[in-house]
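Quick note: the coordinates plus some simple rules give every number you see, no bench work behind them. Note that the structure is a prediction, hence the values are computed from the model and not measured. Cβ coordinates were reconstructed from backbone atoms using ideal geometry, including for glycine residues, and neighbour counts include every protein chain displayed.
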Amino acid sequence: MSRRAFAVKPEGPVVAGALFQAECVAYTTIGERLFWLGSCPAETPWRAFGWITRRAASIADQLDPAYARPVHAWLADSHTHARIVEQLDAGTPYTFTICEGAVRYALTIAPDGAIGQAHLLACEVST
C-alpha cells in the first residue's frame, strides 16, 4: 500500500461548536495527484452527512451513467444513512468513495480534528 502525497488545503472557516468535519477530495490512482474540493464544519453528524450527500449528488451529475448508478443507489439508501450517522455519533469516521476510472472522490466525515487521518486511510484502501 502506498501513501499518497496530500495537497495543502486552504484554511476553512473555524466554527465554534463544530464537532464534525465533512470534506471532499478527488485523487488519481495514476500519478498520485490530489485535489481538495471543499469542506464543511458541522455541529451534528446529520448536518455533516447532509453536506456529503449534496456533494455526492453533484459529483454523480457529472459522471457517466454507469459510474453514477452506484452513487444514486447509495443516496437512496436511508437505512444505510441512519447506520452511518450512528457510527459518527460513536466517534468513528466514515468515507464514501466514488470511482470513475482512475479518479476517486473521497467524501469523509470525521470528528473535528481527525479528518486528515480518515482521508489518508480512505485513499489507501480504495486504490
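Restricting attention to the stretch 80-111, and to residues there that are touching a helix residue (DSSP H, G or I) at 6+ places or on another chain (Cβ under 7 Å) and charged (D, E, K, R), which single residue is surrounded by the most Cβ atoms within 10 Å (Cβ to Cβ)?
Glu100
Under 8 Å between Cβ atoms, at least 6 apart or on separate chains: pull out the pairs that start in the stretch 69-81 with a residue that is under 11 Å from Thr53 (Cα atoms) and end on any residue that is surrounded by fewer than 15 Cβ atoms within 10 Å (Cβ to Cβ).
These pairs meet every condition: Val71/Ala57; Trp74/Thr80; Leu75/Ala57.
Could you tell me how many of the residues in the stretch 40-79 are surrounded by 13 or more Cβ atoms within 10 Å (Cβ to Cβ), more than 24 Å from Ala102 (Cβ to Cβ) and either in contact with a Phe, Trp or Tyr (Cβ under 9 Å, 6 or more places away or on another chain) or acidic (Asp, Glu) (or both)?
Count: 10.
From the set of residues in the stretch 63-110 that are among the β-branched types (Val, Ile, Thr) and part of a strand (DSSP E or B), which is farthest from Trp46 (Cα to Cα)? Don't jump to the end; show me each part of the working.
Start the filter on the stretch 63-110 by keeping residues that are among the β-branched types (Val, Ile, Thr), which leaves 71, 80, 84-85, 92, 95, 97-98, 103, 108-109.
If we keep only those that are part of a strand (DSSP E or B) as well, we get 95, 97-98, 103, 108-109.
Working: Thr95: 14, Thr97: 19, Ile98: 20, Val103: 27, Thr108: 13, Ile109: 10 Å.
Within the stretch 63-110, the match that is farthest from Trp46 (Cα to Cα) is Val103.
Quick one: in the stretch 84-98, which of the residues that are of a type in the set (A, V, I, L, M, F, W, C) and over 12 Å from the mean Cα position of the chain (by Cα) is nearest to Ala66 (Cα to Cα)? Give the steps one after another, and end with the answer.
Step one: of the stretch 84-98, the residues of a type in the set (A, V, I, L, M, F, W, C) are 84-85, 88, 90, 96, 98.
Next cut, over 12 Å from the mean Cα position of the chain (by Cα) only: 84-85, 88, 90.
Values: Ile84: 25, Val85: 27, Leu88: 29, Ala90: 34 Å.
Taking the candidates together, the pick is Ile84.
How many residues, within the stretch 82-101, are without any contact (Cβ under 8 Å) to a residue 12 or more places away in the chain and charged (D, E, K, R)?
2
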